[in-house]
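Take a look at the structure below.
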Amino acid sequence: GLPAALPALPLELTVLYNSLLFTVGASDSAIKGEAEGIRQGLLRVLEACGACGQDLGMEELWEKVLQEVTVEELQVPLHHLGALQAAWWLAASQLESVAGLFQLLSTAEDPGRAHCSEGQNKLLSVIKAWRVPPEEASLPLVQSAKDLKEILCTAAAFLQGLQELEAGNFPTALSLLQEAAGGFCSKNILAQIYTCLGCCAQRMGKPQTALQHLKRALQVDFQCLPALSHVAAVYHELGETDAELQALTLLYEALGKNPPAAASSSPYFLLRIELLVHTPLLTSLLRHRHPSEVKYLLAQRCLQDGRVADAVEHYLDFLSLLQEGLQQQVPLDGSSALPRIPEVFLEAASALEQAGRHQDAITVCEEVVSRTTDLIPRVLRVEERLEEPESSLPGAELAGGLLSQKKESLCCLAWRAAGYLHQGWAWAKLGKSKEAVTQFSRCLSDLLRVQLHGSGIKQTENLQPEVEVLQKIRVLSLIGRGTQFLELGRNKEALLDFQHSLQISPGDPAAASYLVQALWKLNRKQEAAAQWQKFSQSSPGEDGQQQGQGRPLPLYLVSCLEQAVFPDSEPLARSIQDYLGAAAQDTS
């Protein structure tokens with residue numbers, strides 16, 4: 001409450017500088033909001049000089065103070081306070097404000113110093129151009145202005161590098177991040193910068209350079225586990241599965257031994273780079289994976305690479321984690337690598353089937369079937385939508401909610417149908433054709449719940465991925481049931497299933513081959529030969545193109561697709577060629 005007095009202001013501003021640093025250092029959390037203490041300090045400086053600035057914003061206030069206050073004793077503490085103000089603005093990503101302030105500080109001291117050469121980064125140039133005023137022994141600082149300047153330089157380069165990375169300006173981002181890596185920072189921050197450099201190089205299409213940066217991050221600080229996670233991602237991109245699995249295994253072990261804790265930093269610095277640079281992109285790049293996510297990635301990669309025994313082990317380990325409350329371990333913000341839990345069960349069943357553990361696969365699928373039964377409506381209508389409702393129109397939120405609910409119902413239906421599909425193939429592998437037919441029929445009966453309405457032009461625009469999956473499950477189930485009908489000698493029923501599957505998926509090579517076989521077994525050899533000629537004369541790329549249309553199949557359906565492949569067409573083709581040769585001789 002004392003009136004501002006010029007003789008006491010240098011001490012007052014120094015105390016303000018030190019107290020703000022103590023407050024920031026004690027909180028150990030990112031700087032947010034405005035520094036109200038700095039504003040009050042500047043107003044007291046103006047008050048002592050007989051001026052006023054209550055109605056001014058912070059930028060205008062600083063401009064007024066630095067241009068109008070010429071008292072020599074106040075220049076040093078004002079410069080110190082200006083550097084602290086720059087830290088607050090930097091934390092708020094107000095880069096133009098920071099550049100303007102340092103330009104004012106340098107101009108006030110020497111009008112010729114605040115100059116940025118062409119091609120240089122303006123913000124870094126003006127910070128570096130600022131001449132740190134000497135400290136006075138009678139007014140000690142808890143963190144020197146020289147150290148603060150170095151921290152601001154590094155933080156400014158780091159922050160701008162992240163902004164350029166997010167904007168897709170990768171060469172500029174790389175240059176700024178390299179500048180930050182050569183700056184003044186603790187080991188954990190240096191590891192973070194190298195991790196960002198690795199991610200930048202990866203996005204530039206330079207995986208080997210990315211690996212060098214990421215390995216450097218781990219050399220600096222092995223507790224920077226996000227770098228190890230990115231290493232695995234780069235190896236995955238390169239197709240080096242052994243190295244990827246090794247990285248994921250190391251990551252899983254490291255997460256188990258040393259749960260990620262707050263990274264160590266230089267204890268004697270109250271204001272640190274960690275408190276200044278905190279962007280959503282950085283949070284995303286440095287997100288620590290949970291052990292359950294890494295375990296799932298190990299299982300998934302092994303299954304994709306055909307390492308069935310390892311995949312089974314990892315999937316079973318992962319499923320055991322469900323008993324430990326997995327939802328408490330994994331974030332629900334969409335950043336997790338985990339798919340929906342029913343899909344994980346189905347992938348596990350697929351791995352068990354490929355490992356020959358058919359009964360176990362049936363048991364796992366039964367869990368999916370039982371858990372989704374109550375979530376599926378008896379009839380699911382997918383109607384034509386002439387146009388999407390504008391988000392601003394009345395009822396748009398309700399329409400969006402209904403669409404989301406319909407998608408969820410379709411997902412549940414796909415999971416349960418896929419459970420029946422896997423059970424059908426498992427029973428078939430066990431030689432139990434009747435049980436297999438029952439499961440395939442349940443799958444097809446489930447899929448009858450979906451009723452498509454409308455012209456088909458826009459009716460499934462927002463549901464297309466789910467509808468594609470359901471159609472593929474239908475085709476695979478028809479082929480599966482048809483093969484078991486052939487095993488049981490029910491050739492006419494088999495023929496109907498293969499014909500139906502070709503109506504849904506014209507040109508499907510497996511369905512076409514089985515159709516020919518069914519006709520041949522029914523002694524309809526002329527039709528079988530005609531169909532065989534039709535499919536064999538189609539260009540080799542047509543079937544592949546048809547198969548490649550749309551989106552990739554879910555991983556849990558890949559094994560079913562492989563099981564539906566016609567086993568060996570050579571004997572059938574030879575028989576048909578002999579028949580055609582004999583028919584040609586008879587005609588002649």
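The values are calculated or read from the model by the stated rules, or taken from the named source; none is laboratory data. Just so it is clear, the structure is predicted and the values come from calculations on it, not from any experiment. Note: ideal-geometry Cβ built from the backbone for every residue, glycine included; neighbour counts use all protein chains shown. Surface areas here come from the heavy atoms of the whole protein model, side chains and all, with no ligands, DNA or RNA. Shrake-Rupley method; radii C 1.70, N 1.55, O 1.52, S 1.80 Å.
To keep it simple, each residue is scored yes or no on (1) touching a residue at least 40 places away in the same chain (Cβ under 8 Å); (2) in contact with a Pro (Cβ under 8 Å, 6 or more places away or on another chain); (3) open to solvent by less than 40 Å² (accessible area, probe 1.4 Å).
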| residue | (1), (2), (3) |
| --- | --- |
| Pro207 | no, no, yes |
| Arg216 | no, no, no |
| Leu225 | yes, yes, yes |
| Leu228 | no, no, yes |
| Val231 | no, no, yes |
| Val234 | no, yes, yes |
| Ala243 | no, no, yes |
| Gln246 | no, no, no |
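Name the residues in region 110-138 that are at pLDDT 70 or above and either open to solvent by less than 50 Å² (accessible area, probe 1.4 Å) or more than 29 Å from Pro10 (Cβ to Cβ) (or both), would you?
As a first pass, look at region 110-138 and keep what is at pLDDT 70 or above: 120-138.
Within region 110-138, Gln120, Asn121, Lys122, Leu123, Leu124, Ser125, Val126, Ile127, Ala129, Trp130, Val132, Pro133 meet the criteria.
Can Leu90 be described as open to solvent by less than 10 Å² (accessible area, probe 1.4 Å), assigned to a helix (DSSP H, G or I) and under 22 Å from Val277 (Cβ atoms)?
Details: open to solvent by less than 10 Å² (accessible area, probe 1.4 Å): yes; assigned to a helix (DSSP H, G or I): yes; under 22 Å from Val277 (Cβ atoms): yes.
Yes: the conditions hold for Leu90.
Residue-by-condition table, conditions (1) more than 22 Å from Ser138 (Cα to Cα); (2) in contact with a helix residue (DSSP H, G or I) (Cβ under 6 Å, 6 or more places away or on another chain); (3) modelled with pLDDT of 85 or more; (4) open to solvent by less than 30 Å² (accessible area, probe 1.4 Å):
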residue: Ala8; (1), (2), (3), (4): no, no, yes, no
residue: Thr14; (1), (2), (3), (4): no, yes, yes, yes
residue: Asn18; (1), (2), (3), (4): no, no, yes, yes
residue: Ser29; (1), (2), (3), (4): yes, no, no, no
residue: Glu34; (1), (2), (3), (4): yes, no, no, no
residue: Ile38; (1), (2), (3), (4): no, yes, yes, yes
residue: Ala48; (1), (2), (3), (4): no, yes, yes, yes
(request) Run down Leu211, Leu162, Leu176 and say which single residue is touching a residue at least 12 places away in the same chain (Cβ under 8 Å), open to solvent by less than 60 Å² (accessible area, probe 1.4 Å) and in contact with an Asp or Glu (Cβ under 9 Å, 6 or more places away or on another chain). (result) Leu176
(request) Of the conditions (1) modelled with pLDDT of 85 or more; (2) crowded, with 16+ Cβ neighbours inside 10 Å, Asp543 clears all except one; give me its number. (result) (1)
(message) If I ask for residues that are charged (D, E, K, R), at pLDDT below 90 and part of a helix (DSSP H, G or I), which ones from region 461-514 would you list?
(response) Glu466, Glu468
(request) Could you grab me the full set of residues in region 50-68 that are open to solvent by 60 Å² or more (accessible area, probe 1.4 Å), of a type in the set (D, E, K, R), in a helix (DSSP H, G or I) and farther than 19 Å from Ala5 by Cβ? (result) Glu59, Glu60, Glu63
